[in-house]
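One structure is given here, and the rest of the page talks about it.
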């Protein structure tokens, strides 16, 4: 299988086919596989600052995530305005490191700012592998156990992570 380089698009840059393929993948994972019965597509997908990231193969997106930016940090996201979410990998491509590769590209582009995400508990090691640390208590989101995760901004001048204070 030949994988594409990571792709990043805003809503206005997405083609209809790209949007369809992304929506189909998210629906397959969240509705059919995980049985989440809450709305999947939302207005955040269409915001000018939202980024849609994916790695595709000959069958379409193999892994996907979106990055949303809030005007101010939201409760539960520490000081992060930038939130990673909707992370999915097609069932036939799991275990190959695609999601981690995609996350690494996002961190490379956004690592100069604090990042947060709401991780499904079982996926916590994936995010820890790219520098996120769990914080707070587990909670249910859409009926699935989640944990808040945070990645401090890298120090731009020397490219290292600041010491984290809990």
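The values are calculated or read from the model by the stated rules, or taken from the named source; none is laboratory data. All values derive from a computational prediction rather than experimental measurement. Neighbour counts are summed over all protein chains in view; Cβ atoms, including those assigned to glycine, are modelled from backbone coordinates with ideal geometry.
Among the residues of segment 119-130, is there at least one that is outside any helix (DSSP H, G or I), surrounded by fewer than 16 Cβ atoms within 10 Å (Cβ to Cβ) and either on the phi > 0 side of the Ramachandran plot or touching a helix residue (DSSP H, G or I) at 6+ places or on another chain (Cβ under 9 Å) (or both)?
Looking for residues that are outside any helix (DSSP H, G or I), surrounded by fewer than 16 Cβ atoms within 10 Å (Cβ to Cβ) and either on the phi > 0 side of the Ramachandran plot or touching a helix residue (DSSP H, G or I) at 6+ places or on another chain (Cβ under 9 Å) (or both), one finds at least one in segment 119-130, hence yes.
Output the residue which, of all residues in segment 11-40 that are surrounded by 14 or more Cβ atoms within 10 Å (Cβ to Cβ) and in a loop (DSSP other than H, G, I, E, B), is modelled with the lowest pLDDT.
Per the criteria, the residue is 34.
Does residue 50 count as in contact with a helix residue (DSSP H, G or I) (Cβ under 7 Å, 6 or more places away or on another chain), at pLDDT 95 or above, more than 20 Å from residue 100 (Cβ to Cβ) and surrounded by 16 or more Cβ atoms within 10 Å (Cβ to Cβ)?
So residue 50 fits the description; yes.
Of the conditions (1) without any contact (Cβ under 8 Å) to a residue 60 or more places away in the chain; (2) part of a strand (DSSP E or B); (3) buried (at least 18 other Cβ atoms within 10 Å of the Cβ), residue 139 satisfies every one except a single condition; which number is it?
Failing condition for residue 139: (3).
Mind listing whichever residues of segment 76-93 are in contact with a strand residue (DSSP E or B) (Cβ under 9 Å, 6 or more places away or on another chain) and more than 13 Å from residue 56 (Cα to Cα)?
Matches in segment 76-93: 76, 77, 78, 79, 80, 81, 82, 83, 84, 85, 86, 87.
Only one of (1) under 23 Å from residue 81 (Cα atoms); (2) touching a helix residue (DSSP H, G or I) at 6+ places or on another chain (Cβ under 8 Å); (3) at pLDDT 95 or above fails for residue 63. Which number is that?
Residue 63 satisfies all of (1) under 23 Å from residue 81 (Cα atoms); (2) touching a helix residue (DSSP H, G or I) at 6+ places or on another chain (Cβ under 8 Å); (3) at pLDDT 95 or above except (1).
Which condition from (1) surrounded by 21 or more Cβ atoms within 10 Å (Cβ to Cβ); (2) touching a helix residue (DSSP H, G or I) at 6+ places or on another chain (Cβ under 6 Å) is the one that residue 145 breaks?
Of everything listed in (1) surrounded by 21 or more Cβ atoms within 10 Å (Cβ to Cβ); (2) touching a helix residue (DSSP H, G or I) at 6+ places or on another chain (Cβ under 6 Å), residue 145 misses just condition (1).
Quick one: count up the residues across segment 88-111 that are outside any helix (DSSP H, G or I) and loosely packed, with under 14 Cβ neighbours inside 10 Å.
Number of matching residues: 2.
State all residues of segment 1-10 that are at pLDDT 95 or above and out of contact with any helix residue (DSSP H, G or I) (no Cβ under 9 Å at 6 or more places or on another chain); if no residue qualifies, say none.
Passing the criteria: only 10.
Scan segment 61-79 and give yes if some residue there is over 12 Å from the mean Cα position of the chain (by Cα), under 19 Å from residue 20 (Cα atoms) and in a strand (DSSP E or B), otherwise no.
Yes; the residues of segment 61-79 include at least one that is over 12 Å from the mean Cα position of the chain (by Cα), under 19 Å from residue 20 (Cα atoms) and in a strand (DSSP E or B).
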